[in-house]
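Working notes, structure below.
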Amino acid sequence: MSLALNDLLICCRQLEHDRATERRKEVEKFKRLIQDPETVQHLDQHSDSKQGKYLNWDAVFRVLQKYIQKETECLRTAKPNVSTSTQATRQKKMQEISSLVKYFIKCANKKGWRVDEN
């Protein structure tokens, strides 16, 4: 496995972490890695070959889905009666999650790969 893919794999594992602070730290690194030309090249090759043992766009998308589920669960189970600033922070977090999904799809679709939503 290439160093670029290894870094992405480690980052993906951190996005699945139970602690929100650990997940939050990895988001910017994740964004950087999925636009890195070397990483993109390897993900494209592994996605084209359909070999399940390698990290590919589908696998990274599944990790992203798990990340979204964890983050939305945290937001859903948070105390409902909070200050206006806390509500604004939560709204900003939802927007950040949404923009991360859009960013991932944009990066994945650059070379014609399409996100498999199954």
Only listed residue being among the basic types (Lys, Arg), in a helix (DSSP H, G or I) and either modelled with pLDDT of 95 or more or open to solvent by less than 50 Å² (accessible area, probe 1.4 Å) (or both), chosen from Lys93, Lys70: Lys93
Listed by first then second residue, the pairs whose first member lies in region 87-108 and is of a type in the set (Val, Ile, Thr), whose partner is in a helix (DSSP H, G or I) and modelled with pLDDT under 90, with beta carbons under 6 Å and at least 6 positions apart or on separate chains, are none
Just checking, how many residues over region 41-67 are among the hydrophobic types (A, V, I, L, M, F, W, C) and not in a helix (DSSP H, G or I)? 1
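Would you be able to say whether some residue in region 22-43 is of a type in the set (A, V, I, L, M, F, W, C), in contact with an Asp or Glu (Cβ under 9 Å, 6 or more places away or on another chain) and modelled with pLDDT under 90?
Our first condition is that a residue be of a type in the set (A, V, I, L, M, F, W, C); within region 22-43, this holds for 27, 30, 33-34, 40, 43.
Now restrict to residues that are in contact with an Asp or Glu (Cβ under 9 Å, 6 or more places away or on another chain): 27, 33.
Then drop every residue that is not modelled with pLDDT under 90, which leaves none.
The answer is no; no qualifying residue exists.
Only one of Gln45, Gln35 is open to solvent by 60 Å² or more (accessible area, probe 1.4 Å), touching a residue at least 60 places away in the same chain (Cβ under 8 Å), under 16 Å from Asn109 (Cα atoms) and of a type outside the set (D, E, K, R). Can you tell me which?
Result: Gln35 is the single residue among Gln45, Gln35 that is open to solvent by 60 Å² or more (accessible area, probe 1.4 Å), touching a residue at least 60 places away in the same chain (Cβ under 8 Å), under 16 Å from Asn109 (Cα atoms) and of a type outside the set (D, E, K, R).
If you scan region 1-26, which residues turn out to be aliphatic (A, V, I, L, M), open to solvent by 20 Å² or more (accessible area, probe 1.4 Å) and not in a loop (DSSP other than H, G, I, E, B)? Reasoning before the result, please.
Applying the first criterion (aliphatic (A, V, I, L, M)) to region 1-26 yields 1, 3-5, 8-10, 15, 20.
Retained after the next criterion (residues that are open to solvent by 20 Å² or more (accessible area, probe 1.4 Å)): 1, 3, 9-10, 20.
Leu3, Leu9, Ile10, Ala20, listed by residue number.
The values are calculated or read from the model by the stated rules, or taken from the named source; none is laboratory data. The structure presented is a predicted model; accordingly, all values stated were derived computationally and were not measured. Every residue, glycine among them, receives a Cβ derived from its backbone with ideal geometry; neighbour counts consider all protein chains shown. What goes into the accessible areas is simple: the full protein's heavy atoms, side chains included, and nothing from ligands, DNA or RNA. Shrake-Rupley method; radii C 1.70, N 1.55, O 1.52, S 1.80 Å.
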